[in-house]
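*Asks:* One structure is given below, represented as structure tokens, and several questions about it will come after.
The values are calculated or read from the model by the stated rules, or taken from the named source; none is laboratory data. Keep in mind the model is a prediction, meaning the values are calculated, not measured. Cβ placement follows ideal geometry from the backbone for every residue including glycine, while neighbour counts extend to all protein chains displayed. With ligands, DNA and RNA removed, areas are computed over all heavy atoms of the protein, side chains included. Shrake-Rupley method; radii C 1.70, N 1.55, O 1.52, S 1.80 Å.
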Amino acid sequence: MNHQGIGASPGIAIATAHVIQPLVLTVPTTSVEDAHRESSRLRKAVETAVQQLKTIRNLTAKRLDEDHAMIFDAHIQMASDPEMLRQTDAILATERINAEAAYDRVAQQFQTMFEAMDDAYFKERASDIADVRQRVLAALLGVPLVDPATIDHDVIVVADDLTPSVTAQLPRTFVHGFVTRTGGRTSHSAIMARSLQLPAVVGITGILDHVSTGDLLLMDGDTGIVVVNPTDDTIATYRKKQADYDAKRRIWDTFRDQPTITADGHHVELAANIGSPDDMPLVLRQGAEGIGLYRTEFLYMNNDNLPTEHEQYQAYKTVLEQLPARKVVIRTLDIGGDKQLPYLPLEAELNPFLGHRALRLCLDRTDLFKTQLRALLRAGVHGQLHVMFPMVATLEELRQAKALLQECADELEAEGVPYEREVKVGIMVEIPSVAMLADHFAKEVDFFSIGTNDLIQYTFAAGRMNEKVSYLYQPYHPALLRLIKNVIDAAHANHIWVGMCGEVAGDALAAPILLGLGLDEFSMSAASILQMRQLFSTMEMEACKRMADACLGKATNDEVKEHVEHFLKRR
Amino acid sequence: MTRTVTITDPSGLHARPVSLLVQIANRSASECLLHFDGKQATMKSILFVMSLGIPSGSTITLEVNGDDAASVLADMVAVLREHRVIESL
């Protein structure tokens, strides 16, 4: 039977299930004679817990790194926290009850206090307290804690939830993945799983009702699918999928830390398109040479209200500091059209795609726009920030946007808030007016990024969401290629770089044409980067130049496609 | 001895620097207090300090009473500066 959860860490695993039952500790309350004895018992239990945590800490430092091990330093401090002990002692002295009951109460109070905090970061600390509390109580009650280190055969671990301490102890040689009932992509365990490159699926409600230790399990950490007692056919299919993928990965992995270079030594940049900081682990694993497009709409869409300057600053900073030496292009708000915000009512328009959206909206709602610009400027100190304006149609709009950016910089300067003075500013080239007048625009920006999704829409006057006219989405059409060539030539004449962040950038068939036309940067979904890098290593710039020239003279999309396919086969 | 600092880290006083401050406090025999917004917490307790939930822009006062007050305070300020929780002076 198939179960669907959240794919938290990629990879396929097929092994016997090892179910870790949730530890339910019953904490009795009893009257005692000797409060001092209870106090000693507690301290001994704390000492035991601290020793266990020290072992786990060192194990984690060896298996992973210092950063992950430091979680356990905090756990050690929580276990031996003098305030916790002082409060417990006070209860023991006045109420004369057993150490378990007194400690449980104090720990619960702290846990509740943290759970009630607004800040998501501090709220999460409640589960750290819960983990420590369980450890100390188990020591007091003499209940052995789950010791995953005793697993001695190939398994997939199944549990209600996996605390960081348990995850850290999973023996890599035998544990090939884990599945949990609760949790999401950003829980401690999921994060550790990705660092350990251990397949993980989380958030499968009811899984514990369907799996017993000993069942054969198949899990896919990409799709979040878990199959209990799969058929031989299913196993064979997944094994093949796994083998194919492993073989390709091995080849692509060799390209991870390489720059992108053609067979005749021409260098281009392969960057990643992202929607949120959560996308970064894959970006880094795929050896992206930068972020070519950070779509900021998700900050606005996954929210009940406008994201504050602080929230935005945090998100941008997180991305910038993970790639401090590489360029990070962040696009300002691009809503309207198909992307609506429930809390920001915009007048209904007859034609939203051609309407009051993106930069037009921002130049009108400068309150909104300046909040974002401020957050960007402030975050800019953490890396190589490139601010990009979408939907620019005229020079006046560009100049207005740049003036607002300068206004924000001046305000931050006056407020004494640190911000990036050398921020780079560029534009999406997606409206034909800009593509045609690229020579003028190139003089007023630091870079261009061609947004083919919308450029194709506007050039062929056909909505990409409309099935009836989707045949007019013609990414190899010579009209489009000529526009692209104009943009690239204008950019280079004015010594600025030009990239592409639309879907065409990740298209293997378009790659040789774009390369031949002189595109400097290709920004795509991170998952495609390594295979594209391998593809570029087989191409010759000079041959692609000649081939692209020929394409410009064609008359239809199909003629160009045929020409490129022929070119690729002939090599 | 006291030292007053302003938290400039947009995340406020978060767990990593708190953990390091608590380590320093626990290595010393001196009394170590953190004053914030009329409240005070012993810096030997990570739970107490974290529960203050000190946000960005706050002014806090570190108080250390004992023989090694000067070096303890210096260590604490160094940690806060290193983790960019406060600005370098």
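*Asks:* A:ARG194: within 14 Å of chain B (Cβ to nearest Cβ), in contact (Cβ under 8 Å) with a residue 12 or more places away in the chain and either buried (at least 16 other Cβ atoms within 10 Å of the Cβ) or in contact with a Gly (Cβ under 6 Å, 6 or more places away or on another chain) (or both), yes or no?
*Replies:* Answer is no for this residue.
*Asks:* Which pairs have Cβ atoms under 6 Å, sit 6 or more apart or on different chains, and link a residue in the stretch A:280-300 that is open to solvent by less than 10 Å² (accessible area, probe 1.4 Å) to one that is part of a strand (DSSP E or B) and modelled with pLDDT under 90?
*Replies:* Taking only residues 6 or more apart or on different chains, the pairs are A:GLU297/A:LYS339.
*Asks:* For residues in the stretch A:242-279 being touching an Asp or Glu at 6+ places or on another chain (Cβ under 8 Å) and not in a loop (DSSP other than H, G, I, E, B), which is surrounded by the fewest Cβ atoms within 10 Å (Cβ to Cβ)?
*Replies:* Result: A:GLU269.
*Asks:* Right, here's the next one. So, A:GLY184, is that one at pLDDT 80 or above and small (Gly, Ala, Ser) or not?
*Replies:* For A:GLY184, the condition - at pLDDT 80 or above and small (Gly, Ala, Ser) - is not met.
*Asks:* Sort out which residues of the stretch A:92-115 are within 27 Å of the chain's Cα centre (by Cα) and open to solvent by 10 Å² or more (accessible area, probe 1.4 Å), and write them in order of number.
*Replies:* A:GLU115
*Asks:* Another question, then. Has the stretch A:142-150 got at least one residue that is within 30 Å of A:ARG37 (Cα to Cα), modelled with pLDDT of 85 or more and open to solvent by 10 Å² or more (accessible area, probe 1.4 Å)?
*Replies:* Among the residues of the stretch A:142-150, at least one is within 30 Å of A:ARG37 (Cα to Cα), modelled with pLDDT of 85 or more and open to solvent by 10 Å² or more (accessible area, probe 1.4 Å), which makes the answer yes.
*Asks:* Restricting attention to the stretch A:68-85, report how many residues are aliphatic (A, V, I, L, M), open to solvent by less than 10 Å² (accessible area, probe 1.4 Å) and either on the phi > 0 side of the Ramachandran plot or without any contact (Cβ under 8 Å) to a residue 40 or more places away in the chain (or both).
*Replies:* Adding up the residues that qualify gives 2.
*Asks:* Within the set of pairs 6+ apart or on separate chains, which have a first residue in the stretch A:228-244 that is without any contact (Cβ under 8 Å) to a residue 12 or more places away in the chain, a second that is open to solvent by 40 Å² or more (accessible area, probe 1.4 Å), and C-beta atoms under 8 Å apart?
*Replies:* Taking only residues 6 or more apart or on different chains, not a single pair turns up.
*Asks:* Right, next: State the number of residues belonging to the stretch A:126-141 that are open to solvent by less than 20 Å² (accessible area, probe 1.4 Å) and within 14 Å of another protein chain (Cβ to nearest Cβ).
*Replies:* Going through the stretch A:126-141 one residue at a time, the tally reaches 6.
*Asks:* Starting from the stretch A:1-23, take each residue that is within 20 Å of A:ARG194 (Cβ to Cβ) and list its partners that are open to solvent by less than 20 Å² (accessible area, probe 1.4 Å) and charged (D, E, K, R), counting only C-beta distances under 6 angstrom and pairs at least six apart or across chains.
*Replies:* Sorted first by the residue in the stretch A:1-23, then by its partner, the pairs are A:ILE12/A:ASP220.
*Asks:* A follow-up question, please. Can you tell me which of (1) within 29 Å of B:LEU34 (Cα to Cα); (2) free of Cβ contacts under 8 Å to residues at least 24 places away in the same chain is the one A:THR88 doesn't meet?
*Replies:* Every listed condition holds for A:THR88 apart from (2).
*Asks:* Filter the stretch B:1-20 down to residues that are away from every other protein chain (no Cβ under 11 Å) and in contact with an Asp or Glu (Cβ under 6 Å, 6 or more places away or on another chain), then give me how many there are.
*Replies:* Residues that pass the stated criteria total 1.
*Asks:* Taking the condition of being over 12 Å from the mean Cα position of the chain (by Cα), more than 9 Å from chain A (Cβ to nearest Cβ) and part of a loop (DSSP other than H, G, I, E, B), how many residues in the stretch B:21-57 meet it?
*Replies:* Selection size over the stretch B:21-57: 6.
*Asks:* Which one of the conditions (1) open to solvent by 50 Å² or more (accessible area, probe 1.4 Å); (2) within 21 Å of A:ALA126 (Cβ to Cβ) does A:GLN51 fail to meet, given that it meets all the rest?
*Replies:* (2)
*Asks:* While we're here: Please state which one of B:ALA15, B:ALA29 is over 20 Å from A:GLU124 (Cβ atoms), out of contact with any Ser or Thr (no Cβ under 8 Å at 6 or more places or on another chain) and open to solvent by 10 Å² or more (accessible area, probe 1.4 Å).
*Replies:* B:ALA29
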